[in-house]
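The values are calculated or read from the model by the stated rules, or taken from the named source; none is laboratory data. Owing to the predicted nature of the structure, the values given are computational and were not obtained by experimental measurement. Backbone-built Cβ (ideal geometry, glycine too); neighbour counts: all protein chains shown.
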Amino acid sequence: MTFHSLVLRTVALYYNSISQKYKDNMRPYLIGLLILTGAMAYSQETNMPGKIEEYLNPGAPIKVKTGRKFTIRMEANPTTTGYSWRLAKDLNNIIVLVTNTFIPPETDICGAGGHELWTFKAVCKGKAEIFMRYVRPWEKDLPAVTNVFTVIVD
């Protein structure tokens with residue numbers, strides 16, 4: 001149950017428990033509350049300025065506006081296999097790395113992998129490529145996997 005549905009359910013229960021005299025006085029406030037709750041729920045589902053888009057597929061180009069952040073999500077298992085994602089090449093001046101974090105698995109199964117989230121910011125218009133390699137940092141062999149993400153900033 002979302003926060004918004006919980007608020008609406010609580011208001012409905014309270015509204016049904018009061019007398020008709022108070023219901024008439026509360027009607028404008030309840031309508032305002034319903035409009036506000038609906039607007040909040042809608043803003044969470046749309047691409048608002050504070051929302052960071054997430055991408056999974058290296059084959060699909062990432063299209064982003066200048067000044068916006070975006071996140072690349074990739075499966076990883078650094079805790080049991082030692083493999084993690086690394087940038088294979090330096091980034092150009094079109095995008096900058098903001099942060100990268102590991103999200104552990106949602107299961108207690110031993111050896112289960114999680115995800116790495118790499119967040120970037122588009123700083124100017126143009127096209128950039130993010131070259132990623134899945135490696136064990138202490139090994140000098142070829143990477144187990146490579147991904148290339150194409151970013152188009154306008």
### Query
assigned by TED's automatic domain parsing to the domain that holds LEU91, out of contact with any helix residue (DSSP H, G or I) (no Cβ under 7 Å at 6 or more places or on another chain), under 17 Å from LEU87 (Cα atoms) and part of a loop (DSSP other than H, G, I, E, B), is that true of PRO105?
no
### Task
Determine the pairs where a residue that is in the same structural domain as ALA76 (by TED's automatic domain parsing), located within segment 124-139, has a partner that is part of a strand (DSSP E or B) and small (Gly, Ala, Ser) with Cβ atoms under 9 Å apart, the partner being 6 or more residues away or on another chain.
ALA128/ALA122; TYR134/ALA76; TYR134/SER84; VAL135/SER84; ARG136/SER84; PRO137/SER84
